[in-house]
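Accompanying notes for the structure given below.
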Amino acid sequence: MVSPRKPDDRPTMEAVVATDPRSARLAQGDSLDAFDDRIDEVRRVWCAEPERRSEVAALALELPESLVDQDPVLLRARAFAHIERGRFDLSTRDAERAVRRCEERGDTVGMADAGLDVAYALRERTNWEGSSAWLERVEGGRLTPAQRLRLLNMRIVEAVSHRRDFARARRLHGQVEDLALKEGDTMALLTSVINRALGMERLAGRYDRMRDAAAMIERVYGGVVPPEDEHYRRRIHALAAFDTGGDVESAVADLANLGDRASTTYAAAIAALWHAGHGQRERSREAADVVLKGAYPGNVALLLARLALARLDALDGRGRQALETTDEALAESEEPTWAAIARIEAAKIARLAGDEASAEHRLEEAIAMAVSHAAPFLELRGRVVLAASRYSADGALRVVELADRLDYGEAVARRDPEESAIVFARALERGIAIERVRRWMAHTGVAARVVRLIGPLSLVADERAVGRADWARPKARTLFAYLAYHDRPVSVSRILEDLWPGAPEDASRRSLKVACSYIRRVVGAGAVEWRDRQLRLNLGEPSWIDVRAARLAARSQNASLKRRVCDEIGGGRLLEEFDEGWADAARDEFASVWSRLSEDR
């Protein structure tokens, strides 16, 4: 470490004023002792209390240039303060000067610390090549465990955000955690946890692990979290809520309540885009204004605010302006998660502006980014928004496959409810998403009806499974199964012949009307349509009947669709509870459908 300053090493007040005229105003004729307490506080905290560095860094900005220039610790503190204010060039300059001062004194430990500061400042300017070169330079020397931990954490950020090498990032996280636990370095451990939560876990859509990371921050500090780490704890919660459509307003307010500039602008940026997405113009504009006035240059908050304003322009009919603003915003997005999310939002803006071609292009970009970064949740969001306007069976199959992971279907249904409702309803109607539909319904507003005739008769109507006792009249249940199997208008005369064979026509017609009324009680007022001497079952949309899905899939050339429908239908005997002649005829007829459906299995 650098030895403490000695009183006789200090420059004279005249020398200080000559090199930094501002000090004349600060000192007003006092001796240099006026700065001693401030300098000692910065040096002591910087070396012994790293959790308070943000607090004391600002003090370094008030010190005379000639005092700071000769002291590596003060230079590093001032470099940190510059970064917090978005002055990345000044930060790099001070950190490089700190390296030179340490080199002059033969302080190899200080040189490594200051070198890491330079790499950090360059990274904040998105100068990845320069940052990496400094990391390599530092890596070549002997490092303390704390420095090794810091370097590994910086390499993780580089691997995720710049090189997109997730295998390397995972190995580095493991090295960090092993070394941090060995050294008992909770600060390094939490740095890794925070980086993992905001990087890899968010890309992978592991919002459960993000929340675990936030809880770990609180546990490590025993519930009293310092402001800097409390910012990250609340930021993790706000991002998880924003991405998955959770309680966004509450999470954002919690972050903004910290009151510092970074927290306020970050929270306002999320709020601006969220409110714009819900058509809340005034609230969105107010939040965006906070960001534009307060965010540091290059901060991702500016990207979100501009996207929010572009969406408002599209809502107000200024489509061309919206598209221009969106293009400018996207040109600045580099961080992988925000880059993909920004393109999904840009696609929605383009769609509002009437440019469907641009919308599809942005969505394809977002999907490609998500695939490249192994981010299945972001891929699902992109595919759902795309499939809402451009449906394909293969696309729906991929949506359902992704939605089956870690409850992604429920999360994306909260985040993009309108698009999800369209896509999941279409998937349901084609027999692709039956097992998930009841869970999706609660978040999308899809009121689906699902009928199974293969095996025991089963009906799910409006999230409720209909039991045998709900029918009240057995004949109503039989008529329902009969109409569901035919899935088209059937003449009344044929129904009477099949279900009431040999009965007087007047009596059987009365029984038919009673059975229809009981079906309407169970399924809904419009469930049975009686028109032109014909009856048909009307389940509304979306609805799924296993035999209908089988018939459609049997006519398709899509082998994967056939396999999926077979898996959804399962085994069993068609209409197994019904032994009447009409059911036997149905089984004979359906045998050929099943044969065509299963030929590719």
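Against the list (1) assigned to a helix (DSSP H, G or I); (2) closer than 23 Å to residue 296 by Cβ, the condition residue 63 fails is (1). The set of residues in the stretch 72-88 being within 37 Å of the chain's Cα centre (by Cα) and among the β-branched types (Val, Ile, Thr) consists of 83 alone. Out of all the residues in the stretch 330-346, which are of a type in the set (A, V, I, L, M, F, W, C) and either touching a strand residue (DSSP E or B) at 6+ places or on another chain (Cβ under 8 Å) or farther than 20 Å from residue 381 by Cα (or both)? 331 - this is the single residue of the stretch 330-346 that is of a type in the set (A, V, I, L, M, F, W, C) and either touching a strand residue (DSSP E or B) at 6+ places or on another chain (Cβ under 8 Å) or farther than 20 Å from residue 381 by Cα (or both). Under the condition of being within 37 Å of the chain's Cα centre (by Cα), of a type in the set (A, V, I, L, M, F, W, C) and surrounded by fewer than 20 Cβ atoms within 10 Å (Cβ to Cβ), the residues counted in the stretch 89-119 number 1. Apart from one condition, residue 533 fits all of (1) in contact with a Phe, Trp or Tyr (Cβ under 8 Å, 6 or more places away or on another chain); (2) at positive phi; the exception is (1). Residue 592 fulfils the conditions (1) in a helix (DSSP H, G or I); (2) farther than 30 Å from residue 500 by Cβ except for a single criterion, (2).
Rundown of residues vs (1) of a type in the set (Ser, Thr, Tyr); (2) crowded, with 22+ Cβ neighbours inside 10 Å, yes/no style:
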position	(1), (2)
211	no, no
247	no, no
261	no, no
266	yes, yes
272	no, yes
281	no, no
287	no, yes
294	no, no
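Of all residues in the stretch 311-329, those that are touching a residue at least 24 places away in the same chain (Cβ under 8 Å) have Cβ atoms under 6 Å from Cβ atoms of residues that are of a type in the set (Lys, Arg) and surrounded by fewer than 16 Cβ atoms within 10 Å (Cβ to Cβ), 6 or more apart or on another chain, in 312/281. Across the stretch 551-579, the qualifying residues are those that are of a type in the set (Gly, Ala, Ser) and without any contact (Cβ under 8 Å) to a residue 60 or more places away in the chain, and the one among them that is surrounded by the most Cβ atoms within 10 Å (Cβ to Cβ) is 554.
Can you name the helices (runs of 4 or more DSSP H) wholly within the stretch 337-413 that have at least 2 residues being touching a residue at least 40 places away in the same chain (Cβ under 8 Å)? The helices (runs of 4 or more DSSP H) meeting that bar are 376-387, 393-403.
Residue selection: residue 86 fails the criterion of being without any contact (Cβ under 8 Å) to a residue 12 or more places away in the chain and surrounded by fewer than 22 Cβ atoms within 10 Å (Cβ to Cβ). In summary, helices (runs of 4 or more DSSP H) completely within the stretch 92-203 and bearing 3 or more residues that are farther than 23 Å from residue 69 by Cα and modelled with pLDDT under 90 occur at 145-157, 166-183, 186-196. Find the residue count for the stretch 270-283, including only residues that are under 20 Å from the mean Cα position of the chain (by Cα), in a helix (DSSP H, G or I) and free of Cβ contacts under 8 Å to residues at least 60 places away in the same chain. Counting residues in the stretch 270-283 that are under 20 Å from the mean Cα position of the chain (by Cα), in a helix (DSSP H, G or I) and free of Cβ contacts under 8 Å to residues at least 60 places away in the same chain gives 6. Checking each residue in the stretch 533-542 for being surrounded by fewer than 21 Cβ atoms within 10 Å (Cβ to Cβ) and over 19 Å from residue 498 (Cβ atoms) picks out 538, 540, 541.
Scanning the stretch 120-146 for residues that are over 18 Å from residue 159 (Cα atoms) and buried (at least 17 other Cβ atoms within 10 Å of the Cβ) yields a total of 2. Count of the stretch 290-333 residues, restricted to those that are part of a loop (DSSP other than H, G, I, E, B) and charged (D, E, K, R), is 3. Condition check for residue 215 on (1) hydrophobic (A, V, I, L, M, F, W, C); (2) without any contact (Cβ under 8 Å) to a residue 12 or more places away in the chain; (3) crowded, with 18+ Cβ neighbours inside 10 Å: one failure, at (3). Exactly one residue out of 427, 342, 413, 403 is of a type in the set (A, V, I, L, M), within 15 Å of the chain's Cα centre (by Cα), buried (at least 24 other Cβ atoms within 10 Å of the Cβ) and over 25 Å from residue 304 (Cβ atoms), and it is 403. In this structure, is residue 367 under 24 Å from residue 427 (Cβ atoms), crowded, with 24+ Cβ neighbours inside 10 Å and within 14 Å of the chain's Cα centre (by Cα)? No; evaluated as a whole, the condition is false for this residue.
The values are calculated or read from the model by the stated rules, or taken from the named source; none is laboratory data. This one's a predicted model, so the numbers in the text were calculated from it and none came from an experiment. Ideal geometry is used to build each Cβ from the backbone, glycine not excepted, and the neighbour counts take in all protein chains shown.
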